[in-house]
Amino acid sequence: MTDARTALRHLPNALTVARVAAVPFLAGVFFLAEPTKSLAAFLLFTVAALTDFLDGWLARKLRVVSGLGTFLDPIADKLMVGAALILLAWDGRLAGLHVVAGVVILFREIFISGLREFLGNVKVTMPVSRLAKWKTTVQLVAIAVLLGAPLVGAGAGGAHLLGLALLWLAAAMTAITGWQYTAAAWPHLTGPTDAGEDR
């Protein structure tokens, strides 16, 4: 019983690590032929996305929120989303003007990560907003739809357009939340600080 409880306590972090480990496999399946490629990519990304919600919920439910999990969870999300967007662009499912939506998402994620690191150095916390949580959900659904669109057959065109529409919605939400975080952090960015080196 003790071993089972111990394993359960480590489960949230194990799920987060598994999400990071899934990134190379996601890239690998893009070298397979259709429909295996789309099916494997869709299933892998969807399972990983579900663990994104599950690991945090379990950590809070079991009261085992850890430093490792807090550090690794957002990194795992950004790795999975970033890799998927790059692979979709490489595969041609994200092309033309629609690439801009992907760039907006990647830019915001990298920028806010740097912003959070800076604020952490000056002992300022920036909680995740409700809109940011919805942004993540829409983002994950959009990418999953784009990955699985070829599996729909005759309706692939419609599924692809739905995925692109959701991705643009996610990009808009991404831009808004990025602006909100930047505005909230601006006083700390422009004020005096002794964190880090002089630039």
Seminar exercise, completed: Sole miss for ALA175 among (1) of a type outside the set (Asp, Glu); (2) modelled with pLDDT of 95 or more; (3) open to solvent by 20 Å² or more (accessible area, probe 1.4 Å); (4) under 13 Å from ALA101 (Cβ atoms) is condition (2)
Problem set entry | Residues located in the stretch 136-153, provided they are open to solvent by less than 10 Å² (accessible area, probe 1.4 Å) and under 17 Å from ALA175 (Cα atoms) | GLN139, ALA142
Exercise. If you check ALA59 against the conditions, is it surrounded by 12 or more Cβ atoms within 10 Å (Cβ to Cβ) and either touching a Phe, Trp or Tyr at 6+ places or on another chain (Cβ under 9 Å) or modelled with pLDDT under 90 (or both)?
Worked result: yes
For this session: Consider only pairs whose beta carbons are under 8 Å apart and that are at least six residues apart or on different chains; among these, list those whose first residue lies in the stretch 151-162 and is modelled with pLDDT of 75 or more and whose second residue is aromatic (Phe, Trp, Tyr) and surrounded by 14 or more Cβ atoms within 10 Å (Cβ to Cβ).
Result: LEU151/PHE42
Problem set entry | Qualifying residue in the stretch 34-45 (condition: open to solvent by 50 Å² or more (accessible area, probe 1.4 Å), without any contact (Cβ under 8 Å) to a residue 60 or more places away in the chain and over 17 Å from the mean Cα position of the chain (by Cα)) | yes
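The values are calculated or read from the model by the stated rules, or taken from the named source; none is laboratory data. None of these values were measured; they are calculated from a predicted model. Backbone-built Cβ (ideal geometry, glycine too); neighbour counts: all protein chains shown. For the accessible areas, the whole protein counts, side chains as well, though only heavy atoms, and no ligand, DNA or RNA atoms are used. Shrake-Rupley method; radii C 1.70, N 1.55, O 1.52, S 1.80 Å.
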